[in-house]
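Worksheet for the structure shown next.
The values are calculated or read from the model by the stated rules, or taken from the named source; none is laboratory data. Since the structure is predicted, the reported quantities are computational estimates derived from the model, not experimental observations. Cβ sites come from the backbone with ideal geometry, for glycine too, and all protein chains shown count toward neighbours.
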């Protein structure tokens, strides 16, 4: 697999997510793939990644990942993403707020035999919850 093949594989996988096709996204990953997320002690399995994406897709209308930068070298691909959507459904017990989310993350993917076998996500995993929490910044603690 060439570097450009890896870049296109990631671009294609993310395009599947943007069309609501979580299984299409997961097909680009080896079943044993682990995803390490900054500030979280243990990695997520591919099954957990799929479950989390499905929960996210149900809780946010217009959910999409926009590519800000995508490049690779050898068996590694690096991407900077912007996740966007509107909180219109229950998300992990949080009722819909109608608030938009805008999260930036960076992810590194390692390929073997044409599939992602490991990935590392860097960003602030708590920013999504802060953006949809009931306390609005600067309101003196008033509830939305």
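Summary of computed values
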read-out: Subset of the stretch 88-114 that is assigned to a strand (DSSP E or B), out of contact with any strand residue (DSSP E or B) (no Cβ under 6 Å at 6 or more places or on another chain) and touching a residue at least 40 places away in the same chain (Cβ under 8 Å) - its residue that is farthest from residue 1 (Cα to Cα); value: 91
read-out: Check on residue 133, farther than 21 Å from residue 48 by Cα and at pLDDT below 95; value: yes
read-out: Of the criteria (1) modelled with pLDDT of 95 or more; (2) in a loop (DSSP other than H, G, I, E, B); (3) out of contact with any helix residue (DSSP H, G or I) (no Cβ under 6 Å at 6 or more places or on another chain), which one residue 40 fails; value: (1)
read-out: Candidates 48, 67, 118, filtered to the one that is at pLDDT 95 or above and not in a strand (DSSP E or B); value: 48
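Per-residue answers, yes or no, for (1) without any contact (Cβ under 8 Å) to a residue 12 or more places away in the chain; (2) surrounded by 13 or more Cβ atoms within 10 Å (Cβ to Cβ); (3) outside any strand (DSSP E or B):
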residue: 25; (1), (2), (3): no, yes, yes
residue: 31; (1), (2), (3): no, no, no
residue: 34; (1), (2), (3): no, yes, no
residue: 52; (1), (2), (3): yes, yes, yes
residue: 55; (1), (2), (3): no, yes, yes
residue: 63; (1), (2), (3): no, yes, no
residue: 72; (1), (2), (3): no, yes, no
residue: 82; (1), (2), (3): no, yes, no
